[in-house]
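Report on one structure; see the data block that follows.
The values are calculated or read from the model by the stated rules, or taken from the named source; none is laboratory data. Remember, predicted model here, so these are calculated numbers, not experimental data. All Cβ positions, glycine included, derive from the backbone under ideal geometry; neighbour counts span all protein chains shown. Surface areas here come from the heavy atoms of the whole protein model, side chains and all, with no ligands, DNA or RNA. Shrake-Rupley method; radii C 1.70, N 1.55, O 1.52, S 1.80 Å.
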Amino acid sequence: MAADRSAELREHIERAAATNTPLRIVGGNSKAFYTGPGAGVELLEVAEHTGIVGYEPSELVVTVRAGTRLAELEAALAGHGQMLGFEPPYFGADATIGGTLACGFSGPRRPFAGSARDFVLGCKIVNGLGEELNFGGQVIKNVAGFDVSRLMVGALGSLGLLLQCSLRVLPRPETETTVAFAPSEAAAAIEFMNRLAGRPWPLSALAYAGGRVRARLSGASAAVSAAATKIGGDIDAGGDAFWQDLREQRLPFFQQPGNLWRIAMAPAAPQPELAGDWLLDWGGAQRWLKTRESAESVHRACAAAGAQARLFRGEAAPDRQRIAPELAALQRRVRQAFDPLGLFVPLPD
């Protein structure tokens, strides 16, 4: 049942500010593997702050409270033939839209439709002083000013509590088909995927896993059928299940031992020189590495390749992610502006 807990949540933050009590924001807790357990700090639980505040299918915009389950939101959109364009992963049945945006997660459709950040139109937050702030708009044509609302995407709860957000949505495609190819090796797969991405095909996902390149085509039935014929390859009858399992990290690749690193880099760039097994998503722009290499080795090799690495799942490391000193200084200044008391516990870097 929908419930507005804004006042309670704001009062909780005001009390914490008055007593200098650190807070860790938690929704459905489906992404604790990524954000950390939050031991030793007070939890600010958002899971009961739920409900779709406004939805105008003709405007392609939905406004929803942060604790709303992803499953509930996507079911409401599907009832009108619409969807979240960034195809967010759940990583658990209790996944919420607030937690998804806080982590900045996007699925296989991201390079062709846009990231989670690209779909945020506006938001309402509570900062570290207990002040309720509104940014952006609730319809596409009314969005103006600085895009402060998009700062919340990927901030991991360090800038304040997300109360609600307005999102642009997309029509669901009429049909989707997956075609598969078997290149000789990863280097050939990278070259092949970049050739595909450079053509005017109706692509909505492109990945290399288990020795095969899979390309998903989405759109009108006639256009998808014609594109599949021209591209060639084999029609993958299990394509839908593959993309869901890739998004939710259920493929055999993700079950292997070792740490899971997310490597962000240019789609056409060669692989960093690291031991382990690779899976390439987003046409090569997002690469997953399963390895027992040390964090130091991973960061060093990725820096040499012009890539950015982050430990996604695995043993704790002192440097899950490295960022430039200039960027780190900017992040500190932004946090200071939103949370001058340092109330919201920064999640692991």
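Miscellaneous remarks
- Counting only protein heavy atoms and using a 1.4 Å probe, the accessible area of Ser30 comes to about 20 Å².
- Backbone phi angles across the stretch 306-314, fed through the Karplus curve with coefficients 6.51, -1.76 and 1.60 (θ = phi - 60°), yield HN-Hα couplings of x, 10, 10, 10, 9, 5, 9, 9, x Hz in residue order; Gly and Pro are listed as x.
- Amide H contacts under 5 Å for Gly219, placed H, 5+ residues apart: Glu174, Thr175
- Placed amide H near Phe91: partners under 5 Å, 5+ positions off or other chain: none
- By the beta carbon rule, with partners counted only under 4.7 Å, the chain holds these lone Cys residues: Cys103, Cys302.
- Per-residue ³J(HN,Hα) for the stretch 238-255, Karplus 6.51 cos²θ - 1.76 cosθ + 1.60, θ = phi - 60°, Hz, x for Gly and Pro: x, x, 4, 5, 4, 5, 5, 5, 5, 4, 8, 6, 9, 5, x, 3, 6, 8
- Relative compactness, the stretch 6-172, computed as alpha-carbon Rg over 2.2 N^0.38 Å: 0.99
- Qualifying GluC sites (Glu not before Pro) in the stretch 146-218, where qualification requires a DSSP coil assignment and no more than 13 other C-beta atoms within 10 Å, comprise Glu174, Glu185.
- Ellipticity estimate at 222 nm from DSSP helix runs (n ≥ 4, -39,500 (n - 2.57)) divided over the chain, nearest 500: -8000 deg cm²/dmol
- The charge dipole of the stretch 78-138, taken about the Cα centre with unit charges on the Cβ atoms of Lys, Arg (+1) and Asp, Glu (-1), comes to about 200 debye, rounded to the nearest 20.
- Cα gyration tensor, the stretch 136-278 - rounded (a/c under 1.5), prolate or oblate: oblate
- Per-atom-type breakdown for the chain gives carbon and sulfur 51% of the accessible area (1.4 Å probe, protein chains only).
- Residues whose placed amide H lies under 5 Å from that of Val61, excluding near-sequence neighbours: Glu56, Val169
- Sequence of Met1, Met152, Met193 when ordered by accessible area, the most exposed leading, probe 1.4 angstrom: Met1, Met152, Met193
- Candidates Arg247, Arg24, Arg292, ranked by Gaussian network fluctuation over the chain, Cα under 10 Å, top entry: Arg292
- Compactness index (Cα Rg / 2.2 N^0.38 Å), the stretch 173-248: 1.02
- With the whole protein complex present, Asp4 retains an accessible surface near 90 Å², based on a 1.4 Å probe.
- The chain: Cα Rg divided by the 2.2 N^0.38 Å rule of thumb: 1.02
- Per the Cα gyration tensor, the stretch 224-316 maps to an equivalent ellipsoid with semi-axes of 28, 17, 9 Å, ordered largest to smallest.
- Remark: the chain carries a charge dipole of roughly 620 debye about the Cα centre, counting +1 on each Lys and Arg Cβ and -1 on each Asp and Glu Cβ.
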